[in-house]
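I have placed the structure first, in the form of structure tokens, so that the comments after it can refer back to it.
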Amino acid sequence: MTTLRHNWDRNEILALFNMPFNDLMFRAQSIHRENFPANEVQISTLLSIKTGGCAEDCAYCPQSASADAGVKAEKLMKKEAVLAEAQKAKDAGASRFCMGAAWRSPKDRDIDNVSEIIKGVKALGMETCATLGMLNAEQAHKLKESGLDYYNHNLDTSENFYGEIITTRTYQDRLDTLANVRDAGMNVCCGGIVGMGEAQDDRADLLKTLANMPKHPESVPINLLVQVKGTKLAGREELDPFEFIRTIAVARIMMPKSFVRLSAGREEMNEQTQALCFLAGANSIFYGEKLLTTANPAADKDKALFQKLGLEAMQIECSHLGAEAA
Ligand code: SAM
Ligand code: DTB
Ligand code: SF4
């Protein structure tokens with residue numbers, strides 16, 4: 001039986017990262033199939049419901065007002081338009097609909113508007129996820145009451161490297177939001193980005209912070225930096241794909257019952273790298289042509305990949321598998 005640990009130290013995590021590749025894959029895949037159906041992948045679709053003009057200075061992000069990436073600032077989408085997109089995503093096979101907003105933190109009026117949207121998406125029979133920036137306790141409760149299943153808020157990287165990437169809010173701000181989401185009773189979706197020029201120590205420390213939380217996040221997105229022209233991180237040296245796959249495997253080993261999402265960056269990856277990520281224990285993806293503002297593989301390309309690998313879309317009833325026993 002898998003035991004869940006919350007007391008990892010950096011050296012043992014680094015030892016996992018540096019195992020012989022075959023040993024690491026074998027260990028991660030063994031843990032994966034003890035806890036999840038071996039060939040099922042949960043599918044989420046993303047929609048940017050409020051794009052661009054963001055007050056934060058996240059160095060990777062095309063939506064920051066400090067970037068020059070050609071992303072136009074827009075207002076919050078109308079409820080009807082969001083519901084039409086959610087219906088399309090459902091028809092295409094997505095079990096969860098994730099809504100992103102380029103806010104530093106939502107205003108209370110924004111929470112009211114988004115709550116109405118969430119109720120509408122729930123009524124379509126989908127799981128809901130939102131990522132709206134920092135939340136206080138009251139806002140988190142309101143979202144929970146409206147039926148929000150997951151809140152995505154990433155730590156992005158290690159505490160040590162964080163200052164190189166974002167200066168407009170602190171690591172502690174992020175941890176406080178995550179605690180508010182947890183206390184409100186929502187599922188936590190929290191991960192980070194690799195390939196930003198961080199060291200392996202930083203990747204290990206990010207996973208350590210995630211796994212040593214009182215409860216593992218139910219969903220752990222591992223994003224590969226999408227290098228967007230006009231952002232501060234454009235032109236960074238690319239991460240070796242094997243190091244990316246190792247990061248997925250170590251996340252799977254440390255958080256055995258969490259969904260590990262092979263998140264942004266798939267458009268830039270070949271099929272073989274993606275297949276190794278699934279072997280390493282990734283069991284969730286974003287599906288559909290677009291992430292928030294950047295490209296994701298076309299749906300028919302993903303269908304063909306699933307077919308080649310014998311993978312199936314996980315049905316919504318299985319999603320409780322991600323829950324950690326209290
Ligand atoms: N504004 C909210 C916030 O940052 O909390 C929510 C939306 S924000 C775009 C959600 C996440 O997308 C970020 O935390 C980051 O991890 C990821 N992200 C943004 N731009 C990215 C990029 N170029 N490559 C990979 N991941 C990215
Ligand atoms: C997450 O960890 N990755 C998603 C989602 N959460 C919101 C966002 C990826 C964004 C990639 C850049 C873009 O498309 O703007
Ligand atoms: Fe704003 Fe989120 Fe982009 Fe940071 S990641 S600039 S908070 S939209």
Open item on the list: Checking the conditions here, which among 305, 279 is modelled with pLDDT of 95 or more, open to solvent by 20 Å² or more (accessible area, probe 1.4 Å) and either of a type in the set (Lys, Arg) or over 24 Å from residue 69 (Cβ atoms) (or both)?
Closed with: 279
Open item on the list: Every residue in the stretch 62-101 that is open to solvent by 60 Å² or more (accessible area, probe 1.4 Å) and small (Gly, Ala, Ser), please.
Closed with: 65, 66, 70, 73
Open item on the list: Of the conditions (1) farther than 14 Å from residue 146 by Cβ; (2) within 16 Å of ligand 3 (Cβ to nearest atom); (3) open to solvent by less than 10 Å² (accessible area, probe 1.4 Å), residue 130 satisfies every one except a single condition; which number is it?
Closed with: (1)
Open item on the list: Kindly evaluate residue 259 against the criterion of being closer than 17 Å to residue 152 by Cβ, at pLDDT below 95 and crowded, with 23+ Cβ neighbours inside 10 Å.
Closed with: no
TODO: Residues being of a type in the set (D, E, K, R), within 10 Å of ligand 1 (Cβ to nearest atom) and either out of contact with any Lys or Arg (no Cβ under 9 Å at 6 or more places or on another chain) or open to solvent by 20 Å² or more (accessible area, probe 1.4 Å) (or both): count how many of those fall in the stretch 48-61.
DONE: 1
- [ ] Being aliphatic (A, V, I, L, M) and either within 15 Å of ligand 1 (Cβ to nearest atom) or modelled with pLDDT under 95 (or both) is the filter here, so list the residues in the stretch 62-83 that pass it.
- [x] 65, 67, 69, 71, 73, 76, 77
TODO: Mind checking which strands (runs of 3 or more DSSP E) fall wholly inside the stretch 149-221 and carry at least 2 residues that are in contact (Cβ under 8 Å) with a residue 24 or more places away in the chain and either over 19 Å from residue 10 (Cα atoms) or open to solvent by 10 Å² or more (accessible area, probe 1.4 Å) (or both)?
DONE: 150-152, 187-189
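The values are calculated or read from the model by the stated rules, or taken from the named source; none is laboratory data. The model shown is predicted, which means the values in this text are computed figures rather than measured ones. Cβ coordinates were reconstructed from backbone atoms using ideal geometry, including for glycine residues, and neighbour counts include every protein chain displayed. The protein model used for the area step is the full one, side chains on, heavy atoms only, and it has no ligands, DNA or RNA in it. Shrake-Rupley method; radii C 1.70, N 1.55, O 1.52, S 1.80 Å.
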